[in-house]
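Worksheet: one structure, shown below.
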Amino acid sequence: MLDFFSIFSKGGIVLWCFQGTSQLFTPSVNALIKSVILQERGGSNSYTHDQLTLKYKLDNEFELVFVVAYQKILQLSYIDKFLSDIQLEFRNKYKDDLQQGNVSRNYNFLDTFNSMLREAEMRSKMEAQKPRPMMTFEESKKSKKTVASMITNKKDEKKPSKTKNVSSKGKENKSPKETVPESVSPAKENTKPVTNGELDDETIMKNREKFFNRGKKTPATKSPGKSPETDKKKGKAKRVWGNAGNNKDAVELDFSGGGDADQVTKEGTPTQAELTQVGQMSGQLRDIEPESSSEENDEEEEDEEEEEEVVEAAAAPKNSTKGSSFGVFSMFKNLVGSKTLTKEDLESTLDKMKDHLVGKNVASNIAENLCQSVGAKLEGKVLGTFGSITSTVKNTLQESCVQLLSPRRRVDILRDAMEAKQQNRPYTVTFCGVNGVGKSTNLAKVCFWLVENGFSVLIAACDTFRAGAVEQLRTHTRKLNALHPPDKHDGMHMVQLYEKGYGKDAAGIAMEAVNYARDRHINVVLIDTAGRMQDNEPLMRALAKLINVNQPDLVLFVGEALVGNEAVDQLTKFNQALADHSNLTNPRLIDGIILTKFDTIDDKVGAAVSMTYTTGQPIVFVGTGQTYTDLRNLNAKAVVHALLK
């Protein structure tokens, strides 16, 4: 019933392989290695690819990977135990060769594998045919319930008891002579007398009376102190606006007349501080924190912490009592690299690490998966000399998070835009996300960065729902053209706005904007969409339509750095909606992430890990402020350092 079984080293050398069918399993195994093992997603040992279910087990002591594959429609309950048995048998049989690193020989393991597979299948059939014993009444939870445990007195729960507890504060306020005995205490008198699971007649009558009076409204009693005038509801006070009737202010605040994008008003004139931003973002984006000697200092601090742990471990046996098993040499037994890490050794440290990650705003299920992946990576490994479990887990988790945040594919907007320019077509980018995350603001930042690198930009106002969305983009267009005036670019307006007002079809406006940019040789089109919640099906269907019709080169999800578990839900449902509402064989999903408001979270940077772990897509930009230059590349090492400190 198994289609495929393979044993290979982490270096990629296949030691032994079994194939029951002629099906090609190479793409499935490669997908498992790329998507799970290399991306540090080893929390679950199961992976589905096409019509196959692949399960794997890591042997960290000998750096081996055991992979089994079978059809996903099958429910094989013995696979996990079979994987563990094969791992132990292969280790024990070829232990000497594996320790010597002799991986070039041919391992004759087929007979052993077939016999163990038959035993596992027979054991599974016998367990399936064996009837399960019925649970007795004494073993069920129902037998532990009594009548008293199922009845609750709501009156006693709502009103706290006026009598003081004799066992706590009552003893301090009363003298020993005034202390009420437990048998006649007032608190005991108010409780329901229960004898052998039966209630007395008086309590039963009270419960019946409460049941029949349920839902009846009690007549409201007016307080005698209030006068009839106070019962009248006061009307809402009329609001008085400042400078009311000033026609000058009304004209300045009236944006209904529209206006050309190249018209620069007095309010749009850039200040001296804004003019200093010009020319700062040419070329590559700057990192959040430059990789300077601060990282070397952090490594020195970690080394000092490890040395302190070793010193504390050395000082601990001095306080031990005589005759105990913890002698002077037990310190070296725990520190010297002869200790093999087990699941029990890592459990407490991983639990603390999980709580730490959740406190840093990582989604709880992702924090658990990361810790499980680290545990699977370390289980069976031998501790290094003078290495503690805490430092080993922390270093492994740090490597996993850095690898997770590092993009697994190239996202180079400047190179792709230059290539599209050579093909005489505009490079299109779509911005999507939930309400209020800063899509329009960060679109303007990306626009400023593109203009700084010599690209002309057309902004498509496809947010035809939110009031003020078009006016907001019009204001950004005026400011950007003021920072890069036409006289410095051969009379060409580097930023233009394409808008058709409100209430129109967003997909149609985006298509018209792309055609407009192609006809006028504009290099880049930035499509702004309306904010929508991930559970709003009509709006998600409209977003999928916009992406399917226009097929943008890049789909960016704009998310806040403030969210935790919500980030996972947003990204998952956005991706799922784009896939469900698409009529294409290979639907367009989210290609990258823009993380906004990154300057407001201090060291709680867990949203970056949650978003990257959810989709596997890279974080393209990080918004760190309000000016146009507050746009950065994600520095994975700096983020992980803030996450684990």
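Numerical summary
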{"item": "Residue in region 487-496 that is under 19 Å from Val558 (Cα atoms), touching a residue at least 60 places away in the same chain (Cβ under 8 Å), open to solvent by less than 60 Å² (accessible area, probe 1.4 Å) and touching a strand residue (DSSP E or B) at 6+ places or on another chain (Cβ under 9 Å) present", "result": "no"}
{"item": "The lone exception for Gly380 - which of (1) within 30 Å of Arg91 (Cα to Cα); (2) open to solvent by 30 Å² or more (accessible area, probe 1.4 Å); (3) not in a helix (DSSP H, G or I) it fails", "result": "(2)"}
{"item": "Lys93, sole failed condition from (1) in contact with a helix residue (DSSP H, G or I) (Cβ under 9 Å, 6 or more places away or on another chain); (2) open to solvent by 40 Å² or more (accessible area, probe 1.4 Å); (3) modelled with pLDDT under 85", "result": "(3)"}
{"item": "Condition broken by Leu595, with the remaining ones in (1) over 15 Å from the mean Cα position of the chain (by Cα); (2) farther than 22 Å from Glu368 by Cα; (3) open to solvent by less than 30 Å² (accessible area, probe 1.4 Å); (4) of a type in the set (A, V, I, L, M, F, W, C) satisfied", "result": "(1)"}
{"item": "Failed condition for Ser84, given (1) touching a residue at least 40 places away in the same chain (Cβ under 8 Å); (2) closer than 27 Å to Lys343 by Cβ; (3) small (Gly, Ala, Ser)", "result": "(1)"}
{"item": "Count of region 439-462 residues which are open to solvent by 10 Å² or more (accessible area, probe 1.4 Å) and either over 19 Å from Val620 (Cβ atoms) or assigned to a strand (DSSP E or B) (or both)", "result": "1"}
{"item": "Gly375 vs. criteria open to solvent by 40 Å² or more (accessible area, probe 1.4 Å) and either under 25 Å from Val555 (Cβ atoms) or free of Cβ contacts under 8 Å to residues at least 40 places away in the same chain (or both)", "result": "no"}
{"item": "Some residue of region 57-78 being over 25 Å from Thr112 (Cβ atoms), touching a Cys at 6+ places or on another chain (Cβ under 9 Å) and not in a helix (DSSP H, G or I)", "result": "no"}
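Residue-by-condition table, conditions (1) within 30 Å of Ala642 (Cβ to Cβ); (2) touching a Lys or Arg at 6+ places or on another chain (Cβ under 8 Å); (3) surrounded by 18 or more Cβ atoms within 10 Å (Cβ to Cβ):
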{"position": "Asn548", "(1), (2), (3)": "no, yes, no"}
{"position": "Glu560", "(1), (2), (3)": "yes, yes, yes"}
{"position": "Gln576", "(1), (2), (3)": "no, no, no"}
{"position": "Asn586", "(1), (2), (3)": "no, no, no"}
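The values are calculated or read from the model by the stated rules, or taken from the named source; none is laboratory data. All of these numbers come straight from a predicted model, not from anything done at the bench. Glycine also receives a Cβ, built like all others from the backbone with ideal geometry; neighbour counts cover every protein chain displayed. For accessibility, only protein heavy atoms count, side chains too; no ligands or nucleic acids. Shrake-Rupley method; radii C 1.70, N 1.55, O 1.52, S 1.80 Å.
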